[in-house]
């Protein structure tokens with residue numbers, strides 16, 4: 001498709017869109033299994049649900065839902081484990097650094113809107129040079145709401161000084177698209193990401209879908225005539 005609006009900024013989800021944090025998230029949950037005498041699970045089991053954070057990792061590791069009486073205690077144990085390892089195996093997806101470089105060259109602002117708590121977002125993004133040029137980083141607890149509510153995206157737009165309808169939001173979960181649409185932004189589904197438990201991106205209603213980070217440049221090129 002061709003974007004027909006005047007786009008001034010690109011906002012991204014974090015985990016599964018800009019960075020591959022599944023190895024560290026999975027390791028934090030798997031440590032809990034091993035310490036309880038359970039066999040280790042391969043990363044491939046954890047990866048699809050990495051975007052759901054503690055909820056997703058504990059569900060994979062222990063088949064545990066949020067209404068389980070043990071969930072709050074187990075979640076905090078997971079958080080402690082993750083805080084100790086969250087930069088050990090996490091990496092930027094191939095093509096993301098080039099993508100961000102091109103966005104900057106085109107004099108467009110960019111930022112991050114994630115449901116990840118600032119407890120983790122702040123040290124993680126500070127440890128990765130990619131985010132030095134981000135003009136807004138909004139965590140799951142920055143506003144009273146988290147995605148799929150649109151308020152975190154609207155807050156990011158305010159911080160960038162850009163109207164919501166001049167923003168693109170890119171994410172790898174259905175809630176990203178729901179939030180982006182509710183905020184009045186153009187939405188792009190990142191098919192290379194974790195995709196959650198509703199992996200059929202064609203059902204999300206996004207304006208466009210991409211199979212790699214650099215594919216976004218093609219959409220921006222079509223829009224800007226470059």
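The values are calculated or read from the model by the stated rules, or taken from the named source; none is laboratory data. What you see is a predicted model, and the numbers here were worked out from it, not measured in a lab. Reconstructed Cβ throughout: ideal geometry from the backbone, glycine too, with neighbour counts over all protein chains shown.
Below, the figures for the structure above:
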item: Unmet criterion (only one of (1) under 27 Å from residue 179 (Cα atoms); (2) crowded, with 20+ Cβ neighbours inside 10 Å; (3) modelled with pLDDT of 95 or more; (4) out of contact with any strand residue (DSSP E or B) (no Cβ under 8 Å at 6 or more places or on another chain)) for residue 16; result: (4)
item: Only listed residue being surrounded by 15 or more Cβ atoms within 10 Å (Cβ to Cβ) and assigned to a loop (DSSP other than H, G, I, E, B), chosen from 47, 75, 89; result: 89
item: Lone qualifier among 176, 132 - being over 15 Å from the mean Cα position of the chain (by Cα) and not in a loop (DSSP other than H, G, I, E, B); result: 132
item: Region 161-178, subset out of contact with any strand residue (DSSP E or B) (no Cβ under 6 Å at 6 or more places or on another chain) and more than 18 Å from residue 56 (Cβ to Cβ), residue surrounded by the fewest Cβ atoms within 10 Å (Cβ to Cβ); result: 161
item: Condition met for residue 152 (farther than 24 Å from residue 84 by Cα and buried (at least 23 other Cβ atoms within 10 Å of the Cβ)); result: yes
item: Members of region 184-198 found to be part of a loop (DSSP other than H, G, I, E, B), touching a residue at least 40 places away in the same chain (Cβ under 8 Å) and at negative phi, listed by number; result: 185, 192, 193, 194, 197
item: All positions within region 188-200 that are at pLDDT 95 or above and surrounded by fewer than 24 Cβ atoms within 10 Å (Cβ to Cβ); result: 191, 192
item: Answer from 105, 38, 58 - the residue that is surrounded by fewer than 18 Cβ atoms within 10 Å (Cβ to Cβ), outside the structural domain of residue 195 (by TED's automatic domain parsing) and either modelled with pLDDT of 95 or more or over 22 Å from residue 150 (Cα atoms) (or both); result: 38
item: Residue within region 119-128 that is at pLDDT 95 or above, under 20 Å from residue 161 (Cα atoms) and either in contact with a strand residue (DSSP E or B) (Cβ under 9 Å, 6 or more places away or on another chain) or loosely packed, with under 14 Cβ neighbours inside 10 Å (or both) present; result: no
